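The values are calculated or read from the model by the stated rules, or taken from the named source; none is laboratory data. Predicted model, so just to flag it, every value in this text is computed and none were measured. Reconstructed Cβ throughout: ideal geometry from the backbone, glycine too, with neighbour counts over all protein chains shown. Ligands, DNA and RNA are excluded from the accessible area calculation, which covers all protein heavy atoms including side chains. Shrake-Rupley method; radii C 1.70, N 1.55, O 1.52, S 1.80 Å.
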Amino acid sequence: ICTIAFINILVINSFCQDTLKTVLVKDIKQSSSLNASENSSWPRNFTVLPDKLMFIASLGNSNFFDLWTTDGTNKGTVRIIAANSNYPPAVIDGMTVWGNKIIYTANDGYLGYEPWISDGTPNNTRMIKDIKPNNSNYPSVDGSEPRYFKIFKDKAYFQADTWYGSQLFVTDGTNDGTVMLTKTGTGGREPSGFIEFNDKLFFACQNSYA
C-alpha cells in the first residue's frame, strides 16, 4: 500500500491492487466564493516527523502561511499556535527535521523572521532566539531571516543576517546556545551549501582576504 497525503485542494491517494481511493483530509480554508484560488489554503512544505506530518497552509492572503500538523484525519489536522502567542507566526522557510522536532523560519509580527522550533504541539513551539533585535537607530522589520538549516552532530547550523551582514550561526535549540561562529571583519559571510563529509561540515562563504 502506498499513501500520499495532501490537504484541502489536494487529496489522499491510496493505491492497492489497482484500486484508487480519494479522500479529502480537511477543508482548511472554507469559503462561499466560487473562485478556486480564493478557496485554497495552498498547503506545502510537507515534512515528516516520527508520529505526524507537518506542513504550512494559508487561511488568508496566500503570501502568509501558518504551521499545521496532521495525523491524516480531519480532527487531527490542526493549526499550531505557540502557547505564548495570540496567533501563529507566519512561516516562510526551513521546515528541517531535527530529531522529533522541526527548525524553521517564522515571523511573529513583532520581531521579524527568526529561527523557531516545534514538535507539533503549542507548548513546544517557540522562537529560539531574536538574533537581530530591533533598535531605535536601525529598526529591523525583517529580522535575521535565517536560512539553509543543516543538522550536524545534534546541532543546527544556518545563515542569518546581522547588522554586519549574513553570518554563520549554530544552535542547540536554546537562546543561550544560539551563537555566531564567524567574526565580523574576518570574512566568512554568506555561508551556504552546507554538507557533511568525513565527519566535518563543509560550506561555501565569502572571504575578504582570500
Selected residue (criterion: least open to solvent (accessible area, probe 1.4 Å)) from residues of the stretch 96-116 that are among the β-branched types (Val, Ile, Thr) and under 17 Å from Asp51 (Cβ atoms): Ile102
Residue in the stretch 187-206 that is surrounded by fewer than 19 Cβ atoms within 10 Å (Cβ to Cβ), farther than 21 Å from Asp108 by Cα, modelled with pLDDT under 95 and polar (S, T, N, Q) present: yes
Flag for Ser41 being touching an Asp or Glu at 6+ places or on another chain (Cβ under 9 Å), within 25 Å of Gly143 (Cβ to Cβ) and modelled with pLDDT of 85 or more: yes
Test set (1) surrounded by fewer than 21 Cβ atoms within 10 Å (Cβ to Cβ); (2) modelled with pLDDT of 95 or more; (3) closer than 16 Å to Ala160 by Cβ - Asp93 fails condition number: (2)
Count of the stretch 145-172 residues which are part of a strand (DSSP E or B), closer than 18 Å to Leu201 by Cα and either under 17 Å from the mean Cα position of the chain (by Cα) or among the charged types (D, E, K, R) (or both): 14
